[in-house]
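Nothing in this text is a laboratory measurement; each read-out follows from the coordinates by a stated rule. All values derive from a computational prediction rather than experimental measurement. A quick note on method: Cβ atoms are made from the backbone with ideal geometry, for glycine too, and the neighbour counts reach across all protein chains shown.
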Ligand SMILES: Cc1cc2nc3c(=O)[nH]c(=O)nc-3n(C[C@H](O)[C@H](O)[C@H](O)COP(=O)(O)OP(=O)(O)OC[C@H]3O[C@@H](n4cnc5c(N)ncnc54)[C@H](O)[C@@H]3O)c2cc1C
Ligand code: SF4
């Protein structure tokens, strides 16, 4: 007789509860609120908020444009640096970027709400222009660039290349464009199908076509792209996931957090999505927190995040951790998974060993505890799938498992650039991917305008 009857069910909540649990987490500012908030900015010279923004948006300028009641001009300032400024306004961890650097944060612990102001301006422009963007294409150059991946890095690169008059073909493995904006970001950060609206907004510049369901390494090779295009940009993100390395990992009851979030983001009716009553999440980054909070909001009774190191080392920001705890998620630190508990061919719990750090090294203390679980989510990081890079006569150099690039995002292969999560450039954030795409596009444009440089 099994001692644990798994409880994984859909429809745990009423239709109204699903709606209210997944509402916009940061409701937008109205015109009056935006005017009042913009008046708090000191318009600093050499503003620290700009230094902290990976896309170097001229923040004091766009805030001044809001203050003078010119939100569309403000949005143009934002979008000229970051064409995904609308999404970044929703998903950026501003508390560790521009708002952490804001002088008002240092002075009074209350930064100017830069993210919400950015959202106000970009929303006004997108609504006023009915989704049409303010940028125009340059005269066609006759050059063709292949972009791999329609995520933030690929879209940003494609847009900037199209602006310069190059023809761009994006190859994406999935059915929909947007990358993790469409399949990964927590549902309450980007409701109302904003990811697809933004993709349409970006593509409205013209000169960009997307080949959906085409993966390099499977349907097309890197050497074909190099032979058929004047330049290639790789922005395929990290399609692999790290394994726990425990026996029973393939059994029912263990799931990959990123896949589950993708199902959640694509679900037409959240009430049809099964969720465990007792959920254990292994990991400490944004993905771990997102799957934990969303499981709770789908009606899971107990959700525990277990992270192998201390609180200060968690990849998720303090704000994200607070959000999880406010939602009733329990976060346990200093414990690593040591065994999956199975019964009748299914995982029913997970055992952890407590840890401590000795000179930066993580060691087990020998003290173990077990958490019963209907679902165990793996959220311990994603990896580059190297097979995608096969099929080139020369080998592309990697660095720490990602594609090595220089400061212009050139790889070690001539004519090939890379950016976003798949490249070894820094933090895995939407805004960092957008910055990489733009920087690479400018470098590609320069190379294509001076042919000897492209060789
Ligand atoms: C669950 C989760 C939540 C997150 N939340 C946040 C957040 O709140 N804020 C934030 O700033 N960042 C967040 N991030 C990180 C952020 O989403 C990424 O840093 C960002 O999306 C990286 O953009 P990218 O274009 O490099 O890759 P991706 O967004 O992963 O896009 C890569 C694209 O390439 C395609 N592709 C993959 N393999 C191939 C192939 N072989 N051939 C062709 N196409 C391919 C994919 O289908 C995809 O469309 C989150 C990440 C995850 C996993
Ligand atoms: S640091 Fe703060 S106050 Fe200064 S320009 Fe930036 S947003 Fe304004």
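Before moving on, here are some points about what is shown:
- Adding -39500 (n - 2.57) for every DSSP H run of four residues or longer, then dividing by how many residues the chain holds, sets the calculated 222 nm ellipticity at -9500 deg cm²/dmol.
- Angle of helix 257-266 to the longest C-alpha principal axis of the chain, folded into 0 to 90 degrees and rounded to 10: 60°.
- Restricting attention to the chain, close to 40% of DSSP beta bridges with both partner residues there are antiparallel.
- Counting neighbouring beta carbons within 10 Å and listing from fewest to most, the residues 385, 434 come out as 385, 434.
- Descending semi-axes in whole angstrom, ellipsoid equivalent of region 359-455, from the Cα gyration tensor: 38, 15, 14
- Potential lengthening of the chain between residue 95 and residue 228 amounts to 43.5 nm, from the contour at 0.36 nm per residue minus the alpha-carbon distance.
- Cβ crowding within 10 Å ranks 46, 24 as 46, 24, fewest other Cβ atoms first.
- Beta bridges by DSSP in region 241-381, antiparallel share as percent, to the nearest 5: 50 percent
- Residue 241 versus residue 400: modelled label distance in nm, points set 7 Å from Cα along the beta carbon direction: 2.3 nm
- Computed on the Cα trace of the chain, the radius of gyration divided by the Kirkwood hydrodynamic radius gives Rg/Rh = 0.98.
- Look at the Cα gyration tensor of region 153-267: its axes a ≥ b ≥ c give a/c of at least 1.5 with a/b at or below b/c, and that counts as oblate.
- Of the residues 287, 412, the one with the fewest other Cβ atoms within 10 Å heads the list, and the complete ranking is 412, 287.
- Cα-based helix-to-principal-axis angle, 71-81 vs the chain, degrees rounded to 10: 80 degrees
- Overall form of region 231-321 per C-alpha gyration tensor (a/c, 1.5; a/b vs b/c): rounded
- Annotation: peptides 353-361, 204-212, 372-380, ranked by per-residue average of other Cβ atoms within 10 Å with the highest first, follow the order 372-380, 204-212, 353-361.
- Translational D in µm²/s for region 241-381 (Stokes-Einstein at 10 °C, 1.306 mPa s, Kirkwood Rh from C-alpha pairs): 105 µm²/s
- Tilt relative to the chain, helix 430-449 - C-alpha long axis, 0 to 90 degrees, to 10: 30 degrees
- On a per residue basis, the convex hull of the C-alpha atoms belonging to region 31-128 measures out at 84 Å³.
- The C-alpha atoms of region 347-396 occupy a region whose extents along the principal axes are 51, 36, 12 Å, arranged from largest to smallest.
- Computed from the alpha carbon atoms alone, the convex hull of region 112-167 holds 99 Å³ per residue.
- Segments 254-265, 75-86 sorted - mean Cβ within 10 Å per residue, highest first: 75-86, 254-265
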